[in-house]
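Participant: Structure in structure tokens, see below.
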Amino acid sequence: MTEHHCKSCDTTKPLAEFYLRADGRPQRRKCKLCVGSANKIARAALGRAQKRRTPEELAARKAANLQRLSAWTAAHPERVKAARKAAADRFVKANRGRVNAGNAAYRAHKRRATLPGFDVWITAIYDTAQDLGLTVDHVYPLHGKTSCGLHVPWNLQLLSLSRNSSKRNTAPRSI
Ligand SMILES: [Zn+2]
């Protein structure tokens, strides 16, 4: 595809006259010229509208918008809940390593087994585990039968899931 049709000026033009996405396809169905003039018209209209409003009017509009938003939020709890859940799921999917590191930090904090200042390092370990398809294991378990390990980088190792679950809460043999 070397040409594209602009539906605004109804002209077929070379691709260079369109804003392109990373994959080389046009971003939208308007050429640069038409996008530019549409923006210019919109800015001019906005300018005129803003000039006519006093600061008080603008503040009142902002308050009214916020009120509408919170009324809508209150009226649609299930949609708000679903949207929040969807956003959280997207985050977890995109940041699995970070989420795993955060969950582990939370459990370690509850057991008072963590030292401050290692978050970035520990998160990198969890990210690496995620990338390699491995799990993060505490060499000395956080709540072992005979010892209590710390949630610190030097007590973490990468294990396969099966290896990690067979290890359970056992500390290294040498102690
Ligand atoms: Zn055009």
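Participant: Sort through ARG98, ARG84, ARG68 and tell me the only one that's of a type in the set (Lys, Arg), assigned to a helix (DSSP H, G or I) and surrounded by 11 or more Cβ atoms within 10 Å (Cβ to Cβ).
Facilitator: Being of a type in the set (Lys, Arg), assigned to a helix (DSSP H, G or I) and surrounded by 11 or more Cβ atoms within 10 Å (Cβ to Cβ) holds for just one of ARG98, ARG84, ARG68, which is ARG98.
Participant: Could you say which residue among LYS13, LYS81, LYS85 is more than 30 Å from THR128 (Cβ to Cβ) and away from the ligand (no atom under 13 Å from the Cβ)?
Facilitator: The match here is LYS81.
Participant: Being farther than 30 Å from ASP127 by Cβ, more than 16 Å from the ligand (Cβ to nearest atom) and surrounded by fewer than 10 Cβ atoms within 10 Å (Cβ to Cβ) is true for just one of ALA22, ALA63, ALA45, ALA74. Which residue is that?
Facilitator: ALA74
Participant: Moving on to the next point. If I filter segment 28-41 for residues that are more than 16 Å from the ligand (Cβ to nearest atom), free of Cβ contacts under 8 Å to residues at least 12 places away in the same chain and of a type in the set (S, T, N, Q), do I get at least one hit?
Facilitator: no
Participant: Next up: Under 8 Å between Cβ atoms, which residue pairs at least 6 apart in sequence (or on different chains) link something in segment 129-146 that is closer than 15 Å to LEU161 by Cβ and surrounded by fewer than 14 Cβ atoms within 10 Å (Cβ to Cβ) with a partner that is modelled with pLDDT of 85 or more and among the aliphatic types (A, V, I, L, M)?
Facilitator: LEU132/LEU158
This table checks each residue for (1) at pLDDT below 90; (2) of a type in the set (S, T, N, Q); (3) over 14 Å from HIS138 (Cβ atoms).
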| residue | (1), (2), (3) |
| --- | --- |
| HIS76 | no, no, yes |
| VAL80 | no, no, yes |
| ALA87 | no, no, yes |
| ARG90 | no, no, yes |
| GLY97 | no, no, yes |
| ALA101 | no, no, no |
| ALA104 | no, no, no |
| ARG111 | yes, no, no |
| PRO116 | yes, no, yes |
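The values are calculated or read from the model by the stated rules, or taken from the named source; none is laboratory data. Quick caveat, the model's predicted, so the values are computed rather than measured. Glycine gets a Cβ as well: all are built from the backbone with ideal geometry, and neighbour counts include every protein chain shown.
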